[in-house]
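Visitor: Quick one: the structure is below, questions incoming.
The values are calculated or read from the model by the stated rules, or taken from the named source; none is laboratory data. Quick caveat, the model's predicted, so the values are computed rather than measured. For neighbour counting, all protein chains shown are included, and Cβ atoms are generated from backbone atoms with ideal geometry for every residue, glycine included.
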Amino acid sequence: MTELSILRYNPETDDQPRFQSYEVPCREDWVVLDALNYIKENLDPTLSYRWSCHMAVCGSCGMMINQEPKLACKAFLRDYQGLIRVEPLRHFPIERDLVTVIDDFMAKLSRVRPYLIPKDVKALEAGEYRQTPAELKRFKQYSMCINCMLCYAACPEYGLIPKYIGPAAIALAHRWNQDSRDAGREERQEALAAKEGAWECSFVGACSEVCPEHVDPAGAIQQVKIRSTVDWYQEHLMPWLKK
Amino acid sequence: MSRRPYERPITSEWIFRHPRYVRYMVREFSCLFIGGYALLMVVGLERLSQGPAAWESFLQALQAPASIGFHIVALAFSLYHSVTWFNLTPKALPVQVGEEFLPDGVIAGAHYAAWVGLSIGLLWMAGVF
Amino acid sequence: MAKSNKPIVWGPFAAGGTLTAFLTPALIALTLLAGLGEVPGALSYERLHAFAAHWPVKAALVVVIGLSLWSAAHRLRITCYDLGVRADAAVAAIVYAGALAGTGAAMLYLLRI
């Protein structure tokens, strides 16, 4: 048997969150999500948490497991010794139990315009966009983001500066900036090159370390910083140059 | 059903929550010693501009235990800065050759090679060997 | 949300960080050796003074010292914020002013050499 200590919070009855312990069977192949499902089905139906695919592609089940941001469906019980502490994803307000309020991230995501902004709108009859494997490789890894927000939980700057647009939003903007079909970089710069954009990052690198899809948002952010810096000096020192 | 989201307070304890944050802070603290050493260079220039006697007394002061201590600690921190900087450079400046990106090790390795070459060159020109 | 002017401070920081990564360890080694009694030949008054008398060398020294101080100042500013010091504008003013003052002093002394 394994003991899970879970941070509970009921907005209708509690002033503050508090830990509650549960004993669950320790199956060889179980992940923390299996333990949570066991608790909900057998011990305590009031436990609330988000989950969906159970295979690390939907990004729903992000939570703090022994103080580390992880996907509950990817954290195997056998990898932990002793008590397992489960808390809602850090740096987000707690809605209830392990469910966080993710409105801030959703707003920031839409601010970076994470969609194709082509130079000219192409008529359907004109056919497909063509892209070489090299052009695909330029943005592929950044497209792997599953919006799980583990990076926001890991980023100390996001914790300290709530207005910071954050790793995933920047990585997703970068994904489109790097796409050969796209012409929207200038539009996205409004959000990215702003004070609360890429500039709040101090390259801790925690985001890339916890990312389950190996997106490397930290790398994306530095690339945005460098590009924005080159832009700035060009704009201010050589304004006659067209970008 | 009423909503009452709870915001967990932020304290400085995040630094100790995982070794990666401690390593980050160590890297950031290197600025005190690198900046400190730059200030030492400024003082050195002052002494150099004041004539041979002032410069000799500067060289003498470098022999003080506090100075040796500072130099050793500063060297350790500056090496840590160099290593972390070169290791992170490939992330900030990816190079695509054909379809593939150059491996991180190649870009970082080139920086290390240049660093070693430059350092040896500098020390040799200064007459260390 | 307007585009930030952060590149003004970040550009020199990145340049300084790169410069110090390449140069600072060897420089520290030079004065450490001097401190241990093994003064490198180039650090004798005659040779160093003659070396620093050349204008390209003076310019290079200003660049090295200036960028080193600036990148250290910028990092110190971030570190203060990370440690919970909220008065970022005040910290920034102090650290950047310090870096500029140090660079100005270096220029002054170099003019006398």
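Visitor: For a quick check of your reading of the model, give me the residue pairs whose first member lies in region B:110-129 and is under 18 Å from C:L48 (Cα atoms), whose second is of a type outside the set (A, V, I, L, M) and loosely packed, with under 15 Cβ neighbours inside 10 Å, with beta-carbon atoms closer than 7 Å and at least 6 apart or on different chains.
Guide: These pairs meet every condition: B:L123/B:F129; B:A126/C:G41; B:G127/C:G41.
Visitor: Any idea which residue in region A:201-219 is farthest from A:Y164 (Cα to Cα), counting only those that are within 9 Å of another protein chain (Cβ to nearest Cβ) and part of a helix (DSSP H, G or I)?
Guide: Restricting to residues being within 9 Å of another protein chain (Cβ to nearest Cβ) and part of a helix (DSSP H, G or I), the top hit is A:E209.
Visitor: Given (1) more than 8 Å from chain B (Cβ to nearest Cβ); (2) farther than 30 Å from B:Q60 by Cα, where does C:G84 come up short, assuming only one miss?
Guide: Every listed condition holds for C:G84 apart from (1).
Visitor: Quick check on my filter: what residues within region A:115-172 are more than 14 Å from every other protein chain (Cβ to nearest Cβ), of a type outside the set (D, E) and over 23 Å from A:E190 (Cα atoms)? Give the derivation first.
Guide: So in region A:115-172, the residues more than 14 Å from every other protein chain (Cβ to nearest Cβ) come out as A:115-130, A:143-149, A:166, A:168, A:172.
Cutting the leftovers down to of a type outside the set (D, E) gives us A:115-119, A:121-124, A:126-127, A:129-130, A:143-149, A:166, A:168, A:172.
Of everything in region A:115-172, those that are more than 14 Å from every other protein chain (Cβ to nearest Cβ), of a type outside the set (D, E) and over 23 Å from A:E190 (Cα atoms) turn out to be A:K122, A:A123, A:L124, A:A126, A:G127, A:Y129, A:R130, A:M144, A:I146, A:C148.
Visitor: Also, quick follow-up: Scan B:V42, B:V128 and give me the residue that is assigned to a loop (DSSP other than H, G, I, E, B) and in contact with a Leu (Cβ under 9 Å, 6 or more places away or on another chain).
Guide: The match here is B:V128.
Visitor: List the number of the failed condition for C:K3; all other conditions in (1) among the charged types (D, E, K, R); (2) out of contact with any strand residue (DSSP E or B) (no Cβ under 8 Å at 6 or more places or on another chain); (3) modelled with pLDDT under 95 hold.
Guide: (2)
Visitor: Would you call A:S180 over 29 Å from A:L98 (Cβ atoms) and either assigned to a helix (DSSP H, G or I) or within 14 Å of chain B (Cβ to nearest Cβ) (or both)?
Guide: Considered against the rule, which asks whether it is over 29 Å from A:L98 (Cβ atoms) and either assigned to a helix (DSSP H, G or I) or within 14 Å of chain B (Cβ to nearest Cβ) (or both), A:S180 comes out as yes.
Visitor: Give A:Y142, A:Y158 a once-over and let me know the one that is of a type in the set (S, T, Y) and more than 29 Å from B:V97 (Cβ to Cβ).
Guide: Going through A:Y142, A:Y158 in turn, just one is of a type in the set (S, T, Y) and more than 29 Å from B:V97 (Cβ to Cβ): A:Y158.
Visitor: Let me ask another. Within region C:6-113, which helices (runs of 4 or more DSSP H) (wholly inside it) include 1 or more residues that are charged (D, E, K, R) and over 22 Å from B:L32 (Cβ atoms)? Give the steps one after another, and end with the answer.
Guide: Details: elements: C:7-35, C:45-52, C:55-82, C:88-112.
Output list reads C:45-52, C:55-82, C:88-112.
Visitor: Cβ-Cβ under 6 Å, sequence separation 6+ or interchain: first residue in region A:86-113 and more than 9 Å from chain B (Cβ to nearest Cβ), partner part of a helix (DSSP H, G or I) and not charged (D, E, K, R). Which pairs?
Guide: A:L89/A:A153; A:K108/A:A169; A:L109/A:A169; A:R111/A:A191; A:V112/A:A169; A:V112/A:A173; A:V112/A:A191
Visitor: Just one of (1) more than 7 Å from chain B (Cβ to nearest Cβ); (2) small (G, A, S); (3) within 24 Å of B:I72 (Cβ to Cβ) trips up C:A72, so point out which.
Guide: Result: C:A72 passes all but (1).
Visitor: Looking at region A:183-200, which of its residues are part of a loop (DSSP other than H, G, I, E, B) and either at the interface with another protein chain (Cβ under 10 Å from one of its Cβ atoms) or among the hydroxyl-bearing types (S, T, Y) (or both)?
Guide: A:A193, A:K195, A:E196, A:G197
Visitor: Tell me, yes or no, whether region B:30-52 has at least one residue that is under 13 Å from the mean Cα position of the chain (by Cα) and surrounded by fewer than 18 Cβ atoms within 10 Å (Cβ to Cβ).
Guide: yes
Visitor: Quick check on this structure: which one of B:L93, B:L88 is within 14 Å of chain A (Cβ to nearest Cβ) and under 14 Å from the mean Cα position of the chain (by Cα)?
Guide: Among B:L93, B:L88, only B:L88 is within 14 Å of chain A (Cβ to nearest Cβ) and under 14 Å from the mean Cα position of the chain (by Cα).
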